[in-house]
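Have a look at the structure below, then the notes.
Rule-based calculations on the coordinates, nothing more; no lab input. A quick note: this is a predicted structure, and the numbers were derived from the prediction, not measured. Because the Cβ atoms are built from the backbone with ideal geometry, glycine has one as well, and the counts that use them run over all protein chains shown.
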């Protein structure tokens, strides 16, 4: 390939990606994942599976289902990696979107409340009052909008910052705080 042809190919490729995105470590990881490097998938699994599992457990209330969903996220990601375009948003945001859709589909399939003993299993069992409080909180979370519920779960159960949550759900930190505030008002009213 001639030098001029190489430069033209580089310019054409650069037109189709945001400026500076290709230089980030995550962009490099995405390219390696697309090339089929197992090490990248292993890194992502180790880094993101615990967060994905906790989110699925909070939404579904069953350990086995949460494990299935969190694992299925990676299967779907492997299937979709060739179509995935890295735009500078965290890879976790892409995985979270896959998981959100899987959880939503699962909840649509079976309309049910979490089992009380499994819903409370996220925290050590301290007594019947704690069990009732956990069940009430999970029921109250179900009454929130999807966005509000996701913000509460990501901020308080997964201890993510407003900036991290915003990057995951495609909102500004200010919008995250607004969703969080409205959700907390609703939860306080519901849990009185």
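What FRET efficiency would be calculated for the residue pair residue 49, residue 181, taking the C-beta separation as r and a Förster radius of 41 Å, to the nearest 0.05?
0.85
Averaging 1/r over every pair of different alpha carbons in segment 22-112 and inverting the result gives a Kirkwood radius of 13.6 Å.
Shown is the FRET efficiency for residue 139 and residue 71, computed with R0 = 25 Å from the Cβ-Cβ distance and rounded to the nearest 0.05: 0.40.
Would you list 55, 49 from fewest to most Cβ contacts within 10 Å?
Least crowded to most crowded, the residues run 49, 55.
Sorted on the mean count of surrounding Cβ atoms within 10 Å across their residues, most packed first, peptides 58-69, 180-191 read 58-69, 180-191.
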